[in-house]
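The values are calculated or read from the model by the stated rules, or taken from the named source; none is laboratory data. These numbers come from a predicted model, not from an experiment. Neighbour counts are summed over all protein chains in view; Cβ atoms, including those assigned to glycine, are modelled from backbone coordinates with ideal geometry. Accessible surface is based on the protein model in full, side chains and every heavy atom, while ligands, DNA and RNA are left aside. Shrake-Rupley method; radii C 1.70, N 1.55, O 1.52, S 1.80 Å.
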Amino acid sequence: MPTRNQKYASSAYGHVSQVATESKEKKDKYKTMADKLPVLIHTAGLAQALAFANAKNGAFLLEDLAKTLNTNSNKDDLLKQSREANLAEYMKLTKDVLDALSWYKRLSQSLLEEKDN
């Protein structure tokens, strides 16, 4: 049975691989958001960081992240959960989001990089 981290890695790989087939503009936005969102969560908090990402062209990453965390979820569910969770749930959700985002960040750095010829 795969670990939680293995599930996150597999899901993130599928999502980032799909983005790799998209336009350069979308790849760049996705990679930038995957790079910056973990830092933003640490500095501003989960709910604020997710709301900012949703407002700043990060909705596509949030959709993928929500599916990674819970296959029956979407970004709106993730945003609502981050706003309405009690303290224990909020702390667990923050840890889960950061764990999943570490895979999105690593994979976007490797799969979405432009190759020099």
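Things worth noting here:
- Filtered residue count, the range 5-41, keeping only those that are open to solvent by 40 Å² or more (accessible area, probe 1.4 Å), in contact (Cβ under 8 Å) with a residue 12 or more places away in the chain and under 24 Å from Glu84 (Cα atoms): 1
- In the range 21-91, counting only helices (runs of 4 or more DSSP H) that sit wholly within it, the ones holding 3 or more residues that are modelled with pLDDT of 95 or more, closer than 20 Å to Ser110 by Cα and within 11 Å of the chain's Cα centre (by Cα) span 24-44, 59-69.
- Condition check for Ala53: open to solvent by less than 20 Å² (accessible area, probe 1.4 Å), touching a residue at least 12 places away in the same chain (Cβ under 8 Å) and either farther than 24 Å from Thr3 by Cβ or out of contact with any helix residue (DSSP H, G or I) (no Cβ under 9 Å at 6 or more places or on another chain) (or both): yes
- Screening Glu84 on (1) of a type in the set (Asp, Glu); (2) open to solvent by less than 40 Å² (accessible area, probe 1.4 Å); (3) farther than 19 Å from Ala12 by Cβ shows it passes everything except condition (2).
- Only listed residue being open to solvent by less than 70 Å² (accessible area, probe 1.4 Å) and either touching a residue at least 60 places away in the same chain (Cβ under 8 Å) or over 21 Å from Asp35 (Cα atoms) (or both), chosen from Leu93, Leu79, Leu107: Leu107
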